[in-house]
1. With the Cα gyration tensor of segment 144-258 giving a ≥ b ≥ c as the square roots of its eigenvalues, does the rule (a/c under 1.5 for rounded; else a/b larger than b/c for prolate; else oblate) give rounded, prolate or oblate?
2. What is the local net charge at residue 217, summed over the other residues whose Cβ is closer than 15 Å to its Cβ (Lys, Arg +1; Asp, Glu -1)?
3. Please state the shape class of segment 100-144: rounded when a/c is under 1.5, otherwise prolate if a/b exceeds b/c and oblate if not, all from the C-alpha gyration tensor.
4. Compare the peptides 211-217, 138-144, 194-200 by average per-residue count of other Cβ atoms within 10 angstrom and give them in order, highest first.
5. Can you classify the chain as rounded, prolate or oblate using the Cα gyration tensor, where a ≥ b ≥ c are the square roots of its eigenvalues, rounded means a/c under 1.5, and otherwise it's prolate if a/b beats b/c and oblate if not?
6. Sum up the charges of everything whose Cβ sits under 13 Å from the Cβ of residue 199, counting Lys and Arg as +1 and Asp and Glu as -1, but leave residue 199 out.
7. Tell me which lysines have Cα within less than 19 Å of residue 152's Cα, excluding those fewer than 8 residues away on the same chain?
8. If packing is taken as the average number of other Cβ atoms within 10 Å across a peptide's residues, how do 75-86, 16-27, 225-236 rank, most packed first?
Amino acid sequence: MKLPLVVANWKMHGTQAEAATLARQVLNGGRGIRDVEVVLAPPFTALSTVSAITIDSAIQLAAQNVHWETEGAFTGEISPKMARELGCQYVIIGHSERRRLFQESDQAVAQKMVAALRSDLRPIVCVGETLRERKRGKTNAVIARQLRAALKGVGKSAIEKVAVAYEPVWAIGTGRNATPEQIAAAHRWVRDLLQRLRGKKEAERCRILYGGSVRPDNAAELVKVPEVNGALVGGASLKAEAFLSIVRAFHSESVAES
Ligand code: PEP
């Protein structure tokens, strides 16, 4: 069985002290939840602080981005090796904010995927359409293009390390959640693509997360959607109680299933 994966993307929020407080609250409030994998993605500057707090717990850490090279003249970037050294097991790759605001291309995403896996970092690769693309009926084509590109250098044996986050751009940070039907259709499509690209058995091991205005009040509905294996949470992850109630929704669902 795939353990649900719930990821807190803190984006560019929090000093080290604030991140430490939030991490402690999540750690203490989440004690006893063993059937959900919880991952925190603080800003780079808070990674080592948060790592020191979570090190002996089941909580894992993610970087919000990495460069594809190991070292070099890349001002402002950090390498997968550096993220690993700071205690990260995961990395978010190709978030729509990076694609949109920092012109990150499909090719850059592909390079980062390969580099992350080479350094033993598990990629959480984000795909998803803009509102304009959805209105034009291009949702599936956009997801397929982004996923094909991202997996270009990822072989069959590595695919189980990859999580795909379906994040419709129009639902991120807008309070506008995709409907269960829209989420189910997109996740089915991602699963089909994974199977076609890397084989049925291998694709089954991949977790597909939903992201886009996930909150405590819509999490219970989300966990029931087929092929939703977790969530990537932005805004609601900045309040420990809100984030934990999303984690608990996945916990209750796993308990109900077993
Ligand atoms: C995100 O940043 O990936 C995200 C889903 O943000 P929010 O939950 O705020 O929509």
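Rule-based calculations on the coordinates, nothing more; no lab input. Nothing here was measured: the structure is a model prediction, and the numbers come from that model. No Cβ is skipped: glycine too gets one built from the backbone with ideal geometry, and neighbour counts run over all protein chains shown.
1. Details: a/c = 1.98, a/b = 1.57, b/c = 1.26.
Since a/c reaches 1.5 and a/b is larger than b/c, the shape of segment 144-258 is classed as prolate.
2. Details: positive: 176, 215, 224, 239, 248; negative: 221, 241.
Counting the neighbours of residue 217, the net charge comes to +3.
3. prolate
4. Peptide ranking by packing, descending: 211-217, 138-144, 194-200.
5. On the way: a/c = 1.39, a/b = 1.06, b/c = 1.30.
It is rounded, given that a/c, with a ≥ b ≥ c, falls under 1.5.
6. Net charge around residue 199: +3.
7. 112, 161, 200, 201
8. Values: 75-86: 16.0, 16-27: 17.8, 225-236: 21.3.
So the peptides 75-86, 16-27, 225-236, ranked by packing, come out 225-236, 16-27, 75-86.
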